[in-house]
Amino acid sequence: MKENASATKSLRETASRLLSEEKVAAVIGYARRNGADMAVPVFVRRPEDAEQLVFDDGCFGNLAVYLAKSEVRALGKLGIVVKGCDLRTVNVLLREHVVDRDDVYLIGVRCAGVDDSGATRCAACESHDPDGCDVVVGDPVDQPKVNAEDRYKDAAEMETRSPEERWEFWRRELDRCIRCYACRQACPLCYCKRCIVEKTAPQWVESSPHLRGNIAWHVARALHVTGRCVGCGQCERVCPVGIPLNAVNQKMAKIVDEWFGFRSGQSPDEQGPFSTFSEDDPEIEIL
Amino acid sequence: MIQDNTQQPDASKWQPRIVAFLCNWCSYAGADLAGMSRFAYPAAIRIVRVPCSGRVDPMFVLKAFERGADMVLVSGCHPGDCHYTSGNYHARRKLQAFRELLSFFGVDPRRFKMSWVSAAEGGKWSSLVTELTEEARKLGPFEAFPSMVNAETA
């Protein structure tokens with residue numbers, strides 16, 4: 001565990017000040033509990049509890065998921081700790097009018113990268129310094145140059161395999177899915193009150209965890225976050241059977257980047273690529 | 001009687017089954033014109049009329065594959081000619097992304113076709129269906145999706 005002492009100190013001061021001045025009803029941040037190897041989310045409601053807040057390399061969870069929950073928004077104005085990557089999620093929630101900018105106080109943290117094994121997001125991070133927050137804490141971080149090909153590394157690796165290998169691979173992976181929908185629950189952008197998998201007339205996605213239903217679920221999930229997903233990797237992180245969902249999300253992000261020059265979460269004013277069109281969009285084998 | 005489409009095709013009698021989602025204003029009228037003009041084309045195609053190609057949700061296509069379609073076609077008005085101004089442009093973005101996703105999972109992208117057929121293109125419709133039927137026949141039965149569940153229920 002590598003603690004970012006300067007960020008932790010400023011976070012506690014900021015949270016304590018916001019709560020005692022009653023600027024926010026709660027601050028959502030990270031805390032350490034019982035020696036676990038990752039930081040856990042914490043809701044700080046009283047100024048004296050601000051001492052619980054930390055920032056270290058175990059803070060890889062995406063707290064923006066709470067902003068999408070109406071019971072959390074009902075608390076009142078929320079302070080929330082966001083890394084640069086989490087801020088991109090918040091930007092999508094703002095652009096989709098899930099949360100109003102005035103109802104949230106963004107506490108940005110400059111982050112050099114968290115200890116997020118298996119995900120390419122820190123290696124290809126272009127937002128170490130969150131831009132557009134109400135306050136930013138932590139020491140300045142160098143922004144290394146990121147190669148475009150590193151952005152979609154997992155997807156590109158998969159594309160080098162033959163279609164038969166890919167089909168075998170995904171058959172094996174998706175066959176293990178137990179349909180717990182942890183990927184959906186953990187995703188800050190999967191906030192529909194009534195999800196397509198719960199619809200039964202007609203039933204688009206078969207509910208039993210057999211391969212056919214699993215494929216339909218993962219196709220539906222991937223398409224529903226296409227052009228929205230910012231690649232936080234929370235879905236893959238919470239998957240109890242370890243399905244490599246980052247590769248799927250990256251593939252879809254790569255398509256909207258290549259076809260429409262769109263990268264999700266850059267600004268709260270952007271328009272999603274599937275709510276607009278251009279007459280010059282690529283046409284691939286349209287007969 | 002509802003036909004059981006999940007049955008494995010008998011190899012000796014097998015004929016491809018193509019499910020086509022046609023927009024009401026152009027492609028459906030184009031297919032209608034082909035019929036009225038007495039253009040012959042193979043009977044492998046099953047047409048579902050939709051208000052606009054933009055109405056087609058990728059789940060429609062997936063469901064068709066699950067129920068045993070060997071090929072799925074979505075056809076709409078030519079770009080610029082949509083009855084609702086822009087439905088086909090939205091369909092183009094959405095469905096092409098869907099095809100890329102299928103292909104990423106290893107599904108042969110040739111199983112999912114898109115076309116623009118106008119109400120005046122009865123001839124194009126008839127030759128398109130002929131070509132697609134030939135291609136579907138060459139690709140053979142698409143058993144990937146139906147077979148998953150036969151194994152499950154067996």
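A few points about this structure:
- Taken over the protein assembly as shown, the convex hull of the Cα atoms encloses 155 Å³ per residue.
- Ordering A:114, A:90, A:28 by Cα displacement along the dipole of the stretch A:5-137 toward the positive end leaves A:28 in first place; charges were set at the Cβ atoms of Lys, Arg (+1) and Asp, Glu (-1).
- Point-charge dipole on Cβ atoms (K/R +1, D/E -1) for the stretch A:5-137, about Cα centre, debye to 20: 160 debye
- Measuring between alpha carbons in the structure, the pairs from A:193/A:254; B:63/B:94; A:2/A:251; A:254/B:63; A:251/B:94 lying more than 23 angstrom apart are A:193/A:254; A:2/A:251; A:254/B:63.
- Each principal axis of the Cα cloud of the stretch A:5-137 was taken in turn, and the coordinate range along them, longest first, works out to 38, 35, 24 Å.
- Rounded, prolate or oblate (a/c below 1.5 giving rounded, otherwise prolate when a/b exceeds b/c) for the stretch A:94-216 by Cα gyration tensor: oblate
- Centroid-to-centroid, using Cα positions, the stretch A:25-73 and the stretch B:91-143 are 49 Å apart.
- Positive end of the dipole of chain B (Cβ unit charges, origin at the Cα centre): among B:59, B:141, B:84, the Cα lying farthest that way belongs to B:84.
- The stretch A:248-287-the stretch A:139-206 distance, computed between alpha-carbon centres (Å): 17 Å
- For residue B:47, distant residues with modelled amide H under 5 Å away: B:20
- Note on A:161-171: average number of Cβ atoms from other chains within 10 Å of each residue's Cβ is 3.
- Rounded to the nearest Hz, the phi-derived 3J(HN,Hα) couplings of the stretch A:268-273 under the Karplus curve 6.51 cos²θ - 1.76 cosθ + 1.60 (θ = phi - 60°) are x, 9, 5, 10, x, x, where x marks glycine and proline.
- Relative contact order, whole percent, for chain A stands at 16, derived from Cα pairs under 8 Å and 6 or more residues apart.
- Residues A:276, A:200 arranged by fewest to most Cβ contacts within 10 Å: A:200, A:276
- DSSP beta bridges fully contained in the protein assembly as shown are about 20 percent antiparallel.
- Over the protein assembly as shown: helical MRE at 222 nm, DSSP H runs n ≥ 4 each giving -39500 (n - 2.57), nearest 500: -11000 deg cm²/dmol
- Springs between Cα atoms under 10 Å define the GNM used for chain A, and in it the highest mean-square fluctuation of A:261, A:58, A:29 occurs at A:261.
- Near residue A:26, the amide H atoms lying under 5 Å from its own belong to A:79; only residues 5 or more places off or on other chains count, and H is placed 1.01 Å from N.
- Cross-link reach is defined here as a Cα-Cα straight distance under 19 Å, omitting same-chain residues fewer than 8 places apart; for residue B:13 the aspartates and glutamates meeting it are B:4, B:70, B:134, B:135, B:143.
- Rounded if a/c under 1.5, otherwise prolate or oblate - the stretch B:18-143, Cα gyration tensor axes: oblate
- Under the span-like rule (Cα at least 24 Å along the axis, Kyte-Doolittle mean at least -1.0), DSSP H helices of chain B: B:87-104, B:122-139
- DSSP beta bridges fully contained in the stretch A:1-147 are about 40 percent antiparallel.
- Those lysines that a straight Cα-Cα span of less than 25 Å connects to residue A:9, excepting residues fewer than 8 apart in one chain: A:23, A:77, A:83
- Axis of helix A:163-175 versus longest Cα principal axis of chain A: the two differ by about 60°, to the nearest ten degrees.
- Dipole magnitude for the protein assembly as shown: computed about the Cα centre from +1 point charges on Lys and Arg Cβ and -1 point charges on Asp and Glu Cβ, it is near 1160 debye.
- Of A:254, A:83, A:23, the one that fluctuates the most in a GNM where chain A has Cα springs shorter than 10 Å: A:23
- Of the residues A:164, A:236, A:206, the one that moves most in a GNM of chain A with alpha-carbon contacts below 10 Å is A:164.
Values quoted throughout were computed directly from the atomic coordinates according to the rules given, and no laboratory measurement underlies them. Every value quoted in this text rests on a predicted model; they were computed, and no experiment measured them. Neighbour counts are summed over all protein chains in view; Cβ atoms, including those assigned to glycine, are modelled from backbone coordinates with ideal geometry.
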